[in-house]
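Worksheet: one structure, shown below.
The values are calculated or read from the model by the stated rules, or taken from the named source; none is laboratory data. Here the structure is a predicted model, which means the values were calculated and not measured. Positions of Cβ are generated from backbone atoms using ideal geometry, with glycine treated the same way; all protein chains shown enter the neighbour counts. The area values use the complete protein model at the heavy-atom level, side chains included, leaving out ligands, DNA and RNA. Shrake-Rupley method; radii C 1.70, N 1.55, O 1.52, S 1.80 Å.
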There are 4 protein chains.
Amino acid sequence: MNKYMQGKIHSFKEENENRARFLIKCPDQPGIVAAVSEFLFQHEANIVASDQYTLDPQGGQFFMRIEFECPNLKEKGPFLEKDFSPIAEKFSMEWKFMYVSDLKNVAIFVSKEPHCLLELLWEYQSGDLLANISLVISNHETSREMVESLGIPFYYIPANKDTRKQVEEEQKQLLEKYEIDLIVLARYMQILTNNFVDNFKNQIINIHHSFLPAFVGAKPYERAYRRGVKMVGATSHYVTSDLDEGPIIEQDIGRVDHRDNEKDMKKIGQAIERSVLARAVKWHLDDRIIVHENKTIVF
Amino acid sequence: MNKYMQGKIHSFKEENENRARFLIKCPDQPGIVAAVSEFLFQHEANIVASDQYTLDPQGGQFFMRIEFECPNLKEKGPFLEKDFSPIAEKFSMEWKFMYVSDLKNVAIFVSKEPHCLLELLWEYQSGDLLANISLVISNHETSREMVESLGIPFYYIPANKDTRKQVEEEQKQLLEKYEIDLIVLARYMQILTNNFVDNFKNQIINIHHSFLPAFVGAKPYERAYRRGVKMVGATSHYVTSDLDEGPIIEQDIGRVDHRDNEKDMKKIGQAIERSVLARAVKWHLDDRIIVHENKTIVF
Amino acid sequence: MNKYMQGKIHSFKEENENRARFLIKCPDQPGIVAAVSEFLFQHEANIVASDQYTLDPQGGQFFMRIEFECPNLKEKGPFLEKDFSPIAEKFSMEWKFMYVSDLKNVAIFVSKEPHCLLELLWEYQSGDLLANISLVISNHETSREMVESLGIPFYYIPANKDTRKQVEEEQKQLLEKYEIDLIVLARYMQILTNNFVDNFKNQIINIHHSFLPAFVGAKPYERAYRRGVKMVGATSHYVTSDLDEGPIIEQDIGRVDHRDNEKDMKKIGQAIERSVLARAVKWHLDDRIIVHENKTIVF
Amino acid sequence: MNKYMQGKIHSFKEENENRARFLIKCPDQPGIVAAVSEFLFQHEANIVASDQYTLDPQGGQFFMRIEFECPNLKEKGPFLEKDFSPIAEKFSMEWKFMYVSDLKNVAIFVSKEPHCLLELLWEYQSGDLLANISLVISNHETSREMVESLGIPFYYIPANKDTRKQVEEEQKQLLEKYEIDLIVLARYMQILTNNFVDNFKNQIINIHHSFLPAFVGAKPYERAYRRGVKMVGATSHYVTSDLDEGPIIEQDIGRVDHRDNEKDMKKIGQAIERSVLARAVKWHLDDRIIVHENKTIVF
């Protein structure tokens, strides 16, 4: 990590040492907002951002993200968590409490094509992706140089259908060792086993190189070219055991025309993949995403 | 008003008869959200949407829009307003209370070019712009036919620099008669006096045919063409006494290239003007906009 | 047709009385451009716009659209066509010759939802869609009023699966009577028989309310909502006997988020349908589209 | 330069060894296209792409970009150039002849903020920006590490108002030594003298961090924030002696809202600056841009 990044991260941590977030999901009923805001007020916390959403106002689900400043957060945090428990219980909440200054540990998986990895490293270098990129795992050596030049450990683990189990075993040990919070599949072209995926529920973000559900599966650019579409797209989503069917986080598209052959479409698409994946990863790091059934709420 | 629209409006009113909104602006301090949400909870109102924003968290301004369902709103509404007063006073709030089923009365001003007027009438016809379009005032006869075919009164009031005062007098009488809540300048090419503007603070929405602050003033497409820009835009804003300097509500742009002459730019721009103005008007009708100094908060 | 439109059409015809276009498709080989441009030069025609495209430069297909000014076109046109034949034969061209001032006759088919029809009428009224809208055919009475108010004949032909043959017979007679060049399915919810479609090859434009090939078939907004996509789209295409599989002319998309329910998605999507269909129709009217296999070249 | 890039460049050169381009600008008159295409046909060249544009068809300017394949181009190139001269003379053409496989030599100037430089290096690394990045010149040491890690020479030349002359002298010597074809000001915050600019007419591309002509001059993000705009933009243009007034090559914008403070606007804007500059540079390298008076034709 160079000095520029170190400085960025240092000042981010300092600015946010008293800042925390609640992510909440529970059955809707009157009084939730009142209870949560009253709780924060009693604990001398000042709300700086609050988003809420009710799915199906009659008897539906309630979702909330609330960010606040609280003096002496380091000391008071554990008490906040403890005191919040009865409220959470009363409203049957699923909830998370996060300290903004605790950066998440991220592992990036990549195969041959480096564009998505490069984008993440770019954002990381310029201080816009605030996380610890703890390691990069690849089934190819291609990206070693650029990863190591940033002081990030690079692990080459060759993979194919037959070795899947051992490979994932090796990967899991690394993920444990580095205490990884988020796995980003930055164009990692190996299928993960259900077992692996279940271990990291809503913690694996993938980028698919089409506007899902169009062109689910392999070779989307080739099929887009053959169909004669006028736009190509990309989709970032949490990985579930159903290939390309996980909750969508973000999508975007770009224009193509008859002059663009399959190779051009791929080039145009790669620029979209880069930004769609980067946005999804940053939203996850900012605790902006709540998964509900097969969809995401992105605050 | 045709039967299709009547049906749309009728079912909208029915669906929203128990729905109301608060728009709030006050100095930031801890406890505001707690107080408002506790108040609603006590009055058996269920929050269905809530947005808030704090400008400059240290000693800044707090803004809130909160929409709720309350059984028997018609009867309880006045009590809600009355009971809210002490809270409003405590936090030095500027606030508004709105019944969603009370449609606003809108006057549209237009000159020769009908595209923005047509868009608003289009949205009105299809039930997407939920308001009473009470009258159209124009300094040209061009649009009379299409306006009257929808059963909307059309007033032709010729205007020029020298008759400004009498013209505005006539206009004001009409606006009063129809109890107008919002004036939309849908490409009305006459300048309004400060006196007129001051009478309708944050109640007049204009569409300017450029991406402000580029090309403030007259003939923006001509100047855009001469400068060789690669995009043309449009800006909707509240009208203040400073021409083209009022709080911006919405902007958008469209691509042009060297093949587009001034006339083409105008055509491309007009499609943008249409949608930018329609969005701004709908946000205003939905009570989504709070003006603060020379800016808008759009929830 | 009101006076404003009559004026627009009149001046368009006058400005373009000496303007014509060639649309050309042939196997690629050296010398095509030289032959065509030399031909026009010999006939005193000045090229004002020229586009060409070669699909697969090695032994592929060549496509060209060329627009030119030629003094006394009315008289010289037939000779131009006759003299061009040997060149066309030499290069095995499929070609069309069009006078710009000859407006095309258009029939619009619509069912209940009027938004796409309204957009086309809007563009027609404002002089941006230069064609004769000769008639509107619908299996519902809903749009009669707005169509007839513009002086356009409206034919109500109820339709269902069992009456398909008679219905299409009736429609064909009308299309013949009005010498229709282009049929626009502006949300016409009846399936056409292969027989009907074959009669109007590359002359029927449909709007599908999804970003094809995602959500082929019925209820795309419902399925988009269930899948949790972050964008909805629309696709205009020529109709072939394969439902939703014809050559795509234009596509566009709009953002949605978790707050948008199925109804909201539909509203957002309808605005996209309107503009996507209008663009496709205008490109067809401008002779900008060449169909090749299952794709379009749009110049 | 790493092996991946070397491979990309090598295969690009091989694929394009027989490919060349003409860029043409002349007064419009009949017969130009016929003459140029006949010339290429006679020289056994096959046109693979051709774009033309006539500014003001009555007595205006004609612009053309034509790309072709010609067997044994290396040997025949000089004869092509020589033989074309009489045609060029006849039509009073300004023209350029370019071999596609001759990569241009590029110098990048940068100050403290590295995002635009990084984007160019990114595109360069991934083989999408096909040029020789010959050197980077900066008045700060910040970017030395990342530049040198790619094997590109980095020159630190401190600069301020008073040393402008000596600084530019030093820069000119470097530009000469490296035979530079294009200078990219990737957020270089020093003003260049007219003398320097005149030396590199239409060879210096700058990125300005606003949607010109809005916010000409210093601190555009700060001013955009104060004005309350709903979009921020970026503009790439050729540098002329008039600051921020040179011919615009490309512009783009991104949405902001009331939640975005000046710092957020800057972050959103920087992503736009990156892509707008990269597009402009790539179009220049592809010989797609013709400057005419104060505008660009971008084919």
Net charge over other residues, Cβ less than 13 angstrom from the Cβ of A:HIS43 (K, R count +1; D, E count -1): -4
Accessible area of chain C divided out per residue, in Å², using a probe of 1.4 angstrom: 42
For chain B, built as a Gaussian network whose Cα springs stay under 10 Å, the top-fluctuating residue of B:VAL36, B:VAL106, B:VAL184: B:VAL36
Leading residue at positive end of dipole, chain C (Cβ point charges), from C:ILE297, C:ALA214, C:PHE84: C:ALA214
Area hidden from solvent between D and B (accessible, protein heavy atoms only, 1.4 Å, total, Å²): 3000
Sites A:PHE79 and A:ARG279 - FRET efficiency at Förster radius 41 Å, r taken between beta-carbons, to 0.05: 0.70
Accessible-area value, A:TRP283, 1.4 Å probe, nucleic acids and ligands omitted, Å²: 60
Euclidean distance of C-alpha centroids, region C:65-111 and region B:129-162, integer Å: 44
Charge dipole magnitude, Cβ of K and R +1, D and E -1 - the protein assembly as shown, Cα centre, debye nearest 20: 0
Rounded to 5, the percent of DSSP beta bridges in region B:105-298 classed as antiparallel: 50
Inter-copy separations for C:ASP198, label at 7 Å along Cα-Cβ, nm, ascending: 5.5, 7.4, 7.7
C:PHE79 - accessible surface, heavy atoms, 1.4 Å probe, Å² rounded to 10: 130
Total formal charge among the other residues, if their Cβ is under 13 angstrom from that of D:LEU277, Lys/Arg +1 and Asp/Glu -1: -2
Cα-centred dipole magnitude for region A:105-298, charges only on beta-carbon of K, R (+1) and D, E (-1), debye, nearest 20: 700
Chain A: calculated mean residue ellipticity at 222 nm from DSSP helix runs of at least 4, using -39500 (n - 2.57): -11500 deg cm²/dmol
Teacher prompt: D:ASN160 distances to equivalent labels in other copies, 7 Å Cα→Cβ, nm: 6.1, 6.4, 8.8
Set of region A:114-142 residues, backbone N closer than 20 Å to the point 7 Å along the Cα-Cβ line of A:TYR155: A:117-118, A:121, A:131-142
Chain D: angle of helix D:262-285 to the longest principal axis, Cα-based, in degrees nearest 10: 20
Residue-level accessible surface for B:TYR156, protein heavy atoms, 1.4 Å, Å²: 100
Label-point separation in nm, B:GLU145 to B:LYS3, each point 7 Å along Cα→Cβ: 2.6
Principal axis dimensions, largest first and in whole angstrom, of chain D by Cα: 61, 47, 37
18 Å tail of the calculated P(r), region C:157-275, as % of Cα pairs: 54
Heavy-atom accessible area order for B:ARG255, D:ARG288, largest first, 1.4 Å probe: B:ARG255, D:ARG288
Neighbour count of at most 10 Cβ within 10 Å plus DSSP loop: longest GluC sites (Glu not before Pro)-free window in chain C: C:1-178
Percentage relative contact order, chain A, counting C-alpha pairs under 8 Å, at least six apart: 15
Shielded residues, region A:200-235 - accessible-area loss of 30 Å² or more between chain alone and all protein chains, probe 1.4 Å: A:PHE211, A:PRO213, A:ALA214, A:TYR225, A:ARG227, A:GLY228, A:VAL229, A:LYS230, A:MET231
Residue-count net charge about B:ILE268 - beta-carbon cut-off 12 Å; Lys, Arg +1, Asp, Glu -1: +1
Reach of A:LYS90 by Cα under 20 Å, taken over aspartates and glutamates that are not fewer than 8 positions away in the same chain: A:ASP28, A:GLU38, A:GLU81, B:GLU38, B:GLU44
For the protein assembly as shown, share of DSSP beta bridges that run antiparallel, in % to the nearest 5: 70
Ascending list, in nanometres, of distances separating the D:PHE79 label from those of the other copies (7 Å, Cα toward Cβ): 3.9, 9.2, 10.0
Given charges at Cβ of Lys, Arg, Asp, Glu: region C:105-298 dipole, positive-most of C:GLY246, C:ASN132, C:TYR178: C:GLY246
Trypsin sites (Lys or Arg not before Pro) restricted to DSSP loop in region A:50-118 with at most 15 other C-beta within 10 Å: A:LYS112
Within the accessible area of chain B (1.4 Å probe), percent carbon and sulfur: 48
